[in-house]
Amino acid sequence: MERINVIGMNLEELRRLMQSLGEADYRADQLFNWIYKKRIETFYQMSNFSLLLRRKITSLADIGRLQLARLTSSPSKTTQKFLFELDDGHFIESVYMKDRERITLCISSQVGCPLNCAFCATGKMGFVRNLSVGELVEQVIFIQRYLNIDATNIVFMGMGEPFLNYDNVLDACDIISHENGIAIGKRKITISTAGVVPRIKQFIEENRKYKLAISLNAADNETRSRLMPINERYPLPQLMQVARDYQSRTKARLTFEYVLIKGVNDRIADARKLKDLLTGFQCKLNIIPYNSIDNEFSAPVEQSINAFIQPFLAMNIVISVRRSKGSDIQAACGQLYAATLKP
Ligand code: SAH
């Protein structure tokens, strides 16, 4: 019989597991707390379970499946990149980032990615498969346990497109935010999408409380199509329409990301177009200077970054330039690539 992995199971599923063992429902709540909050490594640590029950669970279930294949740290250890091997031999990466009191974990949603954005390393790998709920949640559990820290923020900005793995990503978020477990608030969990319009609509319909970020990366349709093939499928006007819907329906502040690439989308004219596009939004604009992955594109010079942000300073939006952490260990935005890495 195939072994069960309790990491990734929600309360309902743990209840069914406990029922199958002839146990009462409250045992499932206890188990949930042990695995997600107390971060046990073996079921024998569950001191409020009888020894017999601990033995029974041990015989049929595991607590997680990820293998740490490699850990790369920046000199100050404020950025650390985890390479995990999955149980079918594929690899994913997750990134730990510490900035004073804020500890952010950047989580992967897929092995590879089918979207093939021109500037992104993950896209070069092609698409392998979606991650399971267990693999999504365990990235958080593993790093918290390994570094003995409590993350304050989760961002789905690692490898993959979270909205092409919608159900698993949302199920994982529901576990990560559950107050009897990891308990990271819904507003501290950000899902970043390249613009899968039907799934953004679904996200709005379902009234999900997680934060949404949209990777815009260009302010006109042609440039966006050149950089992001998904724009052919869901063109910029459609994407902006659903973004407006999101804003009017949820009243939550949307984040737009914009990878700034030298000579491609970093000119004053681009900034003006972007300004027009964002007029009427109460949003955050996250400017991400391009992190080099090959010779096709270059990072913008400091001067053009400063010039680019000028038109936005007078607007009713929060603008930030994401000075990339982790570029020295290839852990910055868009640099995650774990296809052929064999430790
Ligand atoms: N697929 C999702 C999440 C993964 S990428 C999405 O597209 O949003 C997370 C962010 O990193 C996106 O905003 C993406 O545009 C950006 N990014 C990708 N490659 C990059 C690179 N080489 N340099 C800087 N940012 C990059």
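The values are calculated or read from the model by the stated rules, or taken from the named source; none is laboratory data. Predicted model, so just to flag it, every value in this text is computed and none were measured. Here the Cβ positions follow ideal geometry from the backbone for every residue, glycine too, while neighbour counts run over all protein chains shown. These area figures cover heavy atoms from the full protein model, side chains too; ligands, DNA and RNA do not enter into them. Shrake-Rupley method; radii C 1.70, N 1.55, O 1.52, S 1.80 Å.
A straight chain from Asp220 to Met1 at 0.36 nm per residue would run longer than the Cα-Cα distance by 73.4 nm. Rolling a 1.4 Å probe across all protein chains gives Glu302 an accessible area of roughly 100 Å².
Mean residue ellipticity at 222 nm from the helices of the chain, using -39,500 (n - 2.57) per DSSP H segment of n ≥ 4 over the full residue count, to the nearest 500 deg cm²/dmol?
On the way: 12 runs with 116 residues, N = 343.
Here the helix-only value at 222 nm equals -10000 deg cm²/dmol.
Taking all protein chains as they are arranged and a probe of 1.4 Å, the heavy atoms of Leu313 leave approximately 100 Å² accessible to solvent. Scanning the chain for cysteines with no neighbouring cysteine C-beta under 4.7 angstrom from their C-beta gives Cys106, Cys113, Cys173, Cys283, Cys333.
Accessible surface computed residue by residue for the stretch 269-338, with neighbouring protein chains in place and a 1.4 Å probe, gives 50 Å² per residue.
In the chain, what is the volume of the convex hull around the alpha carbon atoms, normalised per residue and reported in Å³?
142
Rounded to the nearest 20, the size of the Cβ-charge dipole of the stretch 59-195 about its Cα centre is 580 debye, with Lys and Arg at +1 and Asp and Glu at -1.
If one computes P(r) from the Cα atoms of the stretch 216-260, what percent of pairs lie at distances over 14 Å? For the stretch 216-260, the share of Cα pairs beyond 14 Å comes to 51 percent.
Per-residue SASA remark: Ser320, around 50 Å² accessible (1.4 Å probe; ligands, DNA and RNA not included). Using θ = phi - 60° in the Karplus curve 6.51 cos²θ - 1.76 cosθ + 1.60, the 3J(HN,Hα) couplings for the stretch 210-215 round to 6, 7, 10, 10, 10, 7 Hz; x is entered for Gly and Pro.
Carbon and sulfur: what percent of the chain's accessible surface (1.4 Å probe)?
Details: 7260 of 15110 Å².
Roughly 48 percent of what the probe reaches on the chain is carbon or sulfur.
The amide H of Ile319, built 1.01 Å from its N in the peptide plane, has Leu285 as neighbours under 5 Å, considering only residues 5 or more places off or on other chains.
Given q = 0.15, 0.18, 0.20, 0.22 Å⁻¹, what are the Debye log10 I(q)/I(0) values for the stretch 257-343, with equal point scatterers placed on the Cα positions and solvent ignored? Scattering profile of the stretch 257-343, log10 relative to I(0): -0.60, -0.80, -0.93, -1.07. If the chain linking Asp167 and Asp99 were pulled fully straight, counting 0.36 nm for each residue of separation and taking away their Cα-Cα distance, it would gain 21.4 nm. Accessible surface area normalised per residue over the stretch 17-173 is 40 Å², counting heavy atoms of protein chains with a 1.4 Å rolling probe.
Taking θ as phi - 60° and the Karplus parameters 6.51, -1.76 and 1.60, the scalar couplings of the stretch 300-308 work out to x, 7, 3, 4, 6, 4, 5, 5, 4 Hz in sequence order, x denoting glycine and proline.
Placing +1 on the Cβ of every Lys and Arg and -1 on the Cβ of every Asp and Glu, with no other charges, gives the stretch 118-206 a dipole of roughly 320 debye about its Cα centre.
Residues whose amide H comes within less than 5 Å of that of Ile288, counting only those at least five positions distant or on another chain, are Tyr258, Val259, Leu260, Arg322 (H built at 1.01 Å from N in the peptide plane). Stretching Asp245 away from Arg54 to a fully extended chain increases their span by 63.8 nm, per 0.36 nm per residue minus the current alpha-carbon distance. Can you give the FRET efficiency for Glu302 and Thr279, using 1/(1 + (r/R0)^6), R0 = 35 Å, r = Cβ-Cβ distance, to the nearest 0.05? Given R0 = 35 Å and the Cβ-Cβ separation, E is 0.85. Assuming charge only on the beta carbon of Lys and Arg (+1) and of Asp and Glu (-1), the dipole of the stretch 182-257 about its Cα centre is about 500 debye to the nearest 20. Listed values for the stretch 115-127 are Karplus-derived 3J(HN,Hα) couplings in whole Hz (6.51 cos²θ - 1.76 cosθ + 1.60, θ = phi - 60°), namely 7, 6, 4, 4, 9, 10, 5, 4, x, 5, 6, x, 9, and x replaces Gly and Pro.
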